[in-house]
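One structure is given below, encoded as structure tokens.
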Amino acid sequence: MPLSTSSGMADLGTHQLFYKIRGQGPRLLQISGTNSDTRHKPSVYDIPGADSYEILSFDNRGMGQSTSPDEPPSMEAYAEDVAKLLAIVGWKKTAIVGFSFGGMIAQHLALHHPHLVERLVLCCTSSGGRGGASYPLQKLQDLPARDFAASMMKLMNVSHTDAWQTENPIEAKRVFDMYWQSADATLNDPVKYAAMKAQFAARAHHDTYDALSSLSMPVLVACGEDDGVALPENSKRMADAIPGAEFHVFEGGHMFFKENPAAWPFIFRFVTGA
């Protein structure tokens, strides 16, 4: 039997969010990171075992196929987008996995709308404030797309040094092409480029650290040991600040969930409470 799949544009009044729902089983919302696009491959739906979940993914405002309002967004505004999207698709409560910038959004959503969050997974992200901030990506925003991708490749996994790239040319090209896909689509499109800079400006003010102790849903904080964007020590501080939170370090970098085949099965087990 073909998998149940639906997609559309959620009208939030000032802008629209493209979303997609696929699969059957426990509900899971994925909130993606900077420059993400639901059309990029591989997607969450390509993960082994994903078909056993009803997964909702979407493009953040201004990214992918979503549009953007005129006013500069705050982190709270991104979280409100998600709350409105859930209301539009009729999901009253769901497990949520947030990656990087999406993990920051997920923190604000869980703090302001805890009734929507059944279980929370925060991956490769930071709390800001006393918990530590992620790398200030606005430092890279004026680079040409190819240089942006090359810089991101080294930041996302600190083991991807020049020497490693020389010794592993085939794998290095595969990894670079993944970052180039995103950089080319965003930095060479004036609308997407403006949306990216808006994300960078919003995340510069992200600070949930002192409020994290109020979270009461089950929380998993996960990170990659070679992450140069959201340092592992940031994740540890975040986990320590959340009552009862689980903490796990995976082999890999910022994209450990794509690099390490053990990551998604671990996340899925947490999502279902197994």
Mean projected area in nm² (Cα convex hull; one quarter of hull surface) for the chain: 13.7 nm²
Amide proton proximity set for Ile31, modelled H, under 5 Å, gap of 5+: Val97, Gly98, Phe99
Span from the segment 87-115 Cα centroid across to the segment 124-140 one, whole angstrom: 19 Å
For a test of understanding, tell me how many lysine pairs in the chain have Cα atoms under 13 Å apart, given they are 8 or more places apart or on different chains. 5
Helix by helix, which DSSP H runs in the chain go 18 Å or more along their axis at the Cα atoms and have an average Kyte-Doolittle hydropathy of -0.5 or more? 75-89, 169-187, 190-203
Top of Pro72, Pro169, Pro144 by mean-square fluctuation, Gaussian network on the chain, Cα under 10 Å: Pro169
How far apart, in nm, are the 7 Å Cα→Cβ label points at Phe247 and Val191? 4.3 nm
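Using a 1.4 angstrom probe on heavy atoms only, work out the carbon and sulfur share of the accessible area of the chain in %.
On the way: 6180 of 11840 Å².
About 52 percent, which is the carbon plus sulfur part of the accessible surface.
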Trypsin sites (Lys or Arg not before Pro) within segment 8-91, DSSP loop, no more than 13 other Cβ atoms inside 10 Å: Arg39
Nearest 20 debye, what's the magnitude of the dipole of the chain about its Cα centre given +1 on Lys and Arg Cβ and -1 on Asp and Glu Cβ? 480 debye
With θ taken as phi - 60° and the coefficients 6.51, -1.76 and 1.60, list the Karplus ³J(HN,Hα) couplings across segment 50-56 in order, rounded to whole Hz; mark glycine and proline as x. 5, 5, 7, 10, 8, 9, 9
I want to check the label-to-label distance for Asp70 and Gln24. Put each point 7 Å from Cα in the C-beta direction and report it in nm to one decimal. 4.7 nm
When ligands, DNA and RNA are left out and all protein chains stay put, how many square angstrom of accessible area per residue does the chain have with a 1.4 Å probe? 43 Å²
Can you work out D for segment 36-93 in µm² s⁻¹ from Stokes-Einstein, where Rh is the Kirkwood radius over C-alpha pairs, the temperature is 37 °C and the viscosity is 0.692 mPa s? 251 µm²/s
Short version: what are the Cα gyration tensor semi-axes of segment 146-258, square root of 5 times each eigenvalue, largest first, in whole Å? 29, 21, 10
Write down the radius of gyration of segment 23-153 and its Dmax, each obtained from C-alpha positions, in Å. 15.2, 43
Where does each of Asp147, Asp142 land when they are ordered by accessible area, with a 1.4 Å probe and the largest first? Asp142, Asp147
As a percent rounded to 5, the proportion of antiparallel DSSP bridges among beta bridges in the chain is 35 percent
I want to verify a result. In a Gaussian network model of the chain, Cα cutoff 10 Å, which of these has the top mean-square fluctuation: Gln30, Gln165, Gln181? Gln165
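The values are calculated or read from the model by the stated rules, or taken from the named source; none is laboratory data. Every value quoted in this text rests on a predicted model; they were computed, and no experiment measured them. Note: ideal-geometry Cβ built from the backbone for every residue, glycine included; neighbour counts use all protein chains shown. Surface areas here come from the heavy atoms of the whole protein model, side chains and all, with no ligands, DNA or RNA. Shrake-Rupley method; radii C 1.70, N 1.55, O 1.52, S 1.80 Å.
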